[in-house]
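The values are calculated or read from the model by the stated rules, or taken from the named source; none is laboratory data. Computed from a prediction, not measured in an experiment: that's the story for all the values here. All Cβ positions, even for glycine, are placed from backbone atoms using ideal geometry, and neighbour counts span all protein chains on display.
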């Protein structure tokens with residue numbers, strides 16, 4: 001009879017131990033995973049919308065103007081008559097017109 005009395009309490013103890021882990025996972029998901037997914041989706045949309053003539057910034061810090069769009073890459077003009085190929089994943093942002101004018105002045 002002693003074992004039968006301990007079983008409901010034993011299941012409750014296990015359940016009470018799991019609650020903090022579940023809460024930590026839920027908090028982690030909402031604070032880290034969801035914002036990262038939103039950011040990744042926004043980046044993919046931006047990459048899909050890029051077209052010839054857009055000014056972009058690469059992860060290497062190069063500013064350039066897109067001269068050709070390919071399936072998995074872009075050709076960027078980083079200086080007059082200097083064209084480089086970069087993967088689409090290397091582009092981190094589209095540069096606004098004010099920023100592009102500022103970099104040309106420097």
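A few comments on the model shown:
- If you go through the stretch 81-106 and pick out every residue that is farther than 26 Å from residue 41 by Cβ and either in a strand (DSSP E or B) or at pLDDT 95 or above (or both), you end up with 3.
- Of the residues contained in the stretch 58-68, none is found to be assigned to a helix (DSSP H, G or I) and either over 14 Å from the mean Cα position of the chain (by Cα) or not assigned by TED's automatic domain parsing to the domain that holds residue 91 (or both).
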